[in-house]
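Throughout, read-outs are computed from the coordinates displayed, never taken from laboratory work. Nothing here was measured: the structure is a model prediction, and the numbers come from that model. Note that each Cβ is placed from the backbone with ideal geometry, even for glycine, and that neighbours are counted across all protein chains shown.
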Amino acid sequence: MNKNLYVGNLTANVTEEVLRDNFTTAGIVAAVTVIKDNYTRQSKGFGFVEMEAEEGARQAIEMFNGGKLDGNTIVVNEARPKKDMGGQRRDSGRSGGYRGGNGGGNSGAGRRY
């Protein structure tokens, strides 16, 4: 069974390839994701490494938690499951639908020159 690990305090230079290369020393890596900002595409400073075996995940935590990667002391632990949003949107449930209207003011109807 695959085990997902959280890896935090990453520098902007750490890529998915760098994480994969490091974590393969602990076991077989199934997937790697570095979380990036949607607009700048820069790393947000954390990511996830999915190990194929629980033993590899335990070994990775022991080997890398508190260790250095690209000059930073990184945090590695078992990732918590995603929070269930309960079907809610991230914008606190606002519909975000068509808001209509002209934005107020004089719409030009009946304008005299």
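Couplings 3J(HN,Hα) of the stretch 13-20, computed from phi: 7, 7, 9, 4, 5, 4, 4, 4 Hz, in residue order, whole Hz [Karplus 6.51 cos²θ - 1.76 cosθ + 1.60, θ = phi - 60°; x for Gly and Pro].
Sorted ascending by nearby beta carbons within 10 Å, beginning with the fewest, Glu78, Glu52 become Glu78, Glu52.
For Ala79, nonlocal amide neighbours, meaning residues 5 or more places apart or on other chains whose placed amide H falls under 5 Å from its own, are Asn4, Leu5, Tyr6. Taking the number of Cβ atoms within 10 Å of each Cβ as an exposure proxy, the fewest-first ranking of Lys36, Lys83 is Lys83, Lys36. Size descriptors for the stretch 3-78: radius of gyration and Dmax over Cα atoms are 11.5, 37 Å.
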